[in-house]
Amino acid sequence: MSEPDYEVLSTLSERPDGTSTLREQAARTGWSRSRLSRHATRLEARGLIRRAPDPADGRGCLLVLTATGWEALREAAPTHLVSVRRHFIDRFDPGDLAALGRITEKITGGP
């Protein structure tokens, strides 16, 4: 699975029902709607997502993570986590990670 595939599927999986509008999904990934729409077409052709009409916006559509998409994401997650650890987490010592945690809390308005 490509990194862009993983990004789209994983952000959809963060939604309680695995569904997002194309507009919301584009904002979450930081992609243009046209880029996401083209990528969604490729994911849909592979059965990983499906499009559905957006009842709140007759011009928009919903992207829905399919059972096949959930399974592909579950299979890809361990490899993705190993890569994140190797390329990011393992490069920091405990003090660096603690500082990163404090910085993240300031950015997100956490405790």
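The values are calculated or read from the model by the stated rules, or taken from the named source; none is laboratory data. No experiment lies behind these values; they were computed from the predicted model shown. Every residue, glycine as well, gets a Cβ built from its backbone with ideal geometry; the counts of neighbours run over all protein chains shown. To get the accessible areas, we keep the full protein, side chains included, count just its heavy atoms, and leave off ligands, DNA and RNA. Shrake-Rupley method; radii C 1.70, N 1.55, O 1.52, S 1.80 Å.
Filtering G110, G47, G95 for residues that are modelled with pLDDT of 90 or more, assigned to a loop (DSSP other than H, G, I, E, B) and more than 15 Å from the chain's Cα centre (by Cα) leaves a single hit, G47. G69 falls short of the stated requirement of being part of a helix (DSSP H, G or I), of a type in the set (G, A, S) and open to solvent by 30 Å² or more (accessible area, probe 1.4 Å). Which residue out of R38, R28 is over 15 Å from the mean Cα position of the chain (by Cα) and among the basic types (K, R)? Unique residue meeting the criteria: R38.
Of all residues in the range 1-29, those that are open to solvent by less than 80 Å² (accessible area, probe 1.4 Å) and among the basic types (K, R) total 1. Against the test of being among the charged types (D, E, K, R), surrounded by fewer than 14 Cβ atoms within 10 Å (Cβ to Cβ) and farther than 16 Å from E7 by Cα, the options R102, R35, R51 yield a single qualifying residue, R102.
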